[in-house]
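Throughout, read-outs are computed from the coordinates displayed, never taken from laboratory work. These figures come from a predicted structure and were not determined experimentally. Here the Cβ positions follow ideal geometry from the backbone for every residue, glycine too, while neighbour counts run over all protein chains shown.
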Amino acid sequence: MSKDYRMSIIRTMETELVNHFAPEQVNLISHVLTKALAEYEITERCTSIEPYDDSNEQILRRYAACLLVYGKSEGTLKQYIRTCRKLYEAVGKPYTEMNANDVLYFLAKEMERGIKDQTRENQRANISAFFQWMTVEEIIPKNPVAQVKPIKCHKEVKKAFSDVEIDALRGACKSLKERALVEFLLSTGVRVNELATMTVQDINKEALSVHVVHGKGNKERVTYTTTVAMKHLLAYLHDRKEDGDMLFYNKFHTPISTKGIGHILNTIAERAGVDNVHPHRFRRTFATTLSRRGMPLQEIQILMGHRNANTTMQYIATDDSRMNASYKKYTA
């Protein structure tokens, strides 16, 4: 079976255009070009216009371009590329020559460095996705990671905030911004990167709704907030000195960053004497609270912006006492 050079041309084009256009625009151009080239047969001689470069960096550039076109978030893209680069640093040979033993060697070296099983399993999955893409692109004949078994991981139970911890965090807030931030995270379940890019226009104070436009893969969804959280948010917005569109600003009067949010939460946590305080734990608490109050899993999934209900289940913490009470309720 001869190589489809039309697809090679399209992929080369995507690699270059992704540096100048939005992923949606690149996707549209790619779609139009695919339709236009469908009526033509391009022979191998045509590739002499731009020689095919199978170097590691060129392959990674093509892969990154495809991930963006397919709607992967910037964070996901960086994670995938970082793992692939670490693989090369450990093995020291072209991706096109790597085999299953090379991947096992890399994972073993990571274990020697003290990397946790779950992280190494994530690395294995990232590398497998990369080699599978190379297989589809006909860069390599088959995916060598198909022979590497998944790493068994001990599932760590990640806890939501207790009612006592929530009260302590609220009591430790010393400004309108701090209280608004805590209440907003508890009531909406938004990701920290979503909050950092949120604008005042995303808030509907009458409907108590929040339009989330910067989720993973640039997807949009609607979540909601409570009257208490909205009261604190409006008080902060009325009191602040900044008159820009962003929802939260830092002490330098510029849009707050994800690190800035984390810093504020750490400061509050130190005052409150609460350990392990980070933005994602607020998201876990949001899901757990709704579940304990009887909201169906599918509805929690929609509010959190998850594709799969299994992902939502991983956020919901269930303690033994509540399980025991629930069991007795349905068996009495």
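By how many nm would the segment from Cys153 to His280 grow when fully extended, if each residue of separation counts as 0.36 nm and the alpha-carbon distance is taken off?
Working: separation 127, 0.36 × 127 = 45.72 nm, distance 2.10 nm.
Here the answer is 43.6 nm.
Residue-wise, which Karplus ³J(HN,Hα) couplings in Hz belong to the range 58-66, taking 6.51 cos²θ - 1.76 cosθ + 1.60, θ = phi - 60°, and x for glycine or proline?
5, 5, 5, 4, 5, 5, 4, 4, 5
Mind checking the alpha-carbon convex hull of the range 163-331 and giving the volume per residue in Å³?
Details: hull volume 21.2 nm³, N = 169.
Cα convex hull per residue, to the nearest whole number: 126 Å³.
Mind giving me the FRET efficiency for Lys86 and Asp239? R0 is 45 Å, r the Cβ-Cβ distance, nearest 0.05 is fine. Each step should come with its number before you reach the end.
Numbers: r = 46 Å, r/R0 = 1.03.
Rounded to the nearest 0.05, the efficiency is 0.45.
Too long at a 18 Å Cα-Cα cut-off: which of Lys35/Lys72; Lys177/Lys241; Lys78/Lys142; Lys93/Lys152; Lys116/Lys259; Lys177/Lys251? Intermediate values should be presented prior to the final figure.
Details: Lys35/Lys72 24 Å; Lys177/Lys241 12 Å; Lys78/Lys142 24 Å; Lys93/Lys152 28 Å; Lys116/Lys259 24 Å; Lys177/Lys251 10 Å.
Beyond 18 Å between Cα atoms: Lys35/Lys72; Lys78/Lys142; Lys93/Lys152; Lys116/Lys259.
Assuming R0 = 22 Å, can you tell me the calculated FRET efficiency for the pair Lys35 and Met13, based on Cβ-Cβ distance, to the nearest 0.05?
On the way: r = 14 Å, r/R0 = 0.63.
The computed FRET efficiency comes out at 0.95.
Using a 7 Å offset from the Cα along the Cα-to-Cβ direction at both Thr258 and Gln58, what is the distance between the two label points in nm, to one decimal?
Placing both labels 7 Å beyond Cα along the Cβ direction yields 3.2 nm.
Work out, step by step, the length gained on full extension between Asn122 and Val213: first 0.36 nm times the residue separation, then minus their alpha carbon distance; give nm to one decimal. Could the numbers behind the result be given before it?
Details: separation 91, 0.36 × 91 = 32.76 nm, distance 2.68 nm.
Full extension from Asn122 to Val213 adds 30.1 nm.
Given labels modelled 7 Å from the Cα in the Cβ direction, how far is it in nm from Leu28 to Arg170?
About 4.7 nm separates the two model spin labels.
In square nanometres, what is one fourth of the surface area of the convex hull spanned by the alpha carbons of the range 95-202?
Working: hull surface 45.8 nm².
If you wrap the Cα atoms of the range 95-202 in a convex hull and average its projections, you get 11.4 nm².
What is the calculated FRET efficiency for Phe21 to Thr227, with r their C-beta to C-beta distance and R₀ = 45 Å, to the nearest 0.05? All intermediate terms of the calculation are to be shown ahead of the outcome.
Values: r = 43 Å, r/R0 = 0.95.
Computed FRET efficiency for Phe21 and Thr227 comes out at 0.60.
So for each of 275-284, 305-314 I average, over its residues, the number of other beta carbons within 10 Å; can you give me the resulting order with the highest mean first?
Numbers: 275-284: 16.7, 305-314: 14.2.
Going by the mean number of other Cβ atoms within 10 Å, highest first, we get 275-284, 305-314.
How far apart, in nm, are two points set 7 Å out from the Cα along the Cα-to-Cβ line at Thr96 and at Ala108?
Placing both labels 7 Å along Cα→Cβ, they lie 2.8 nm apart.
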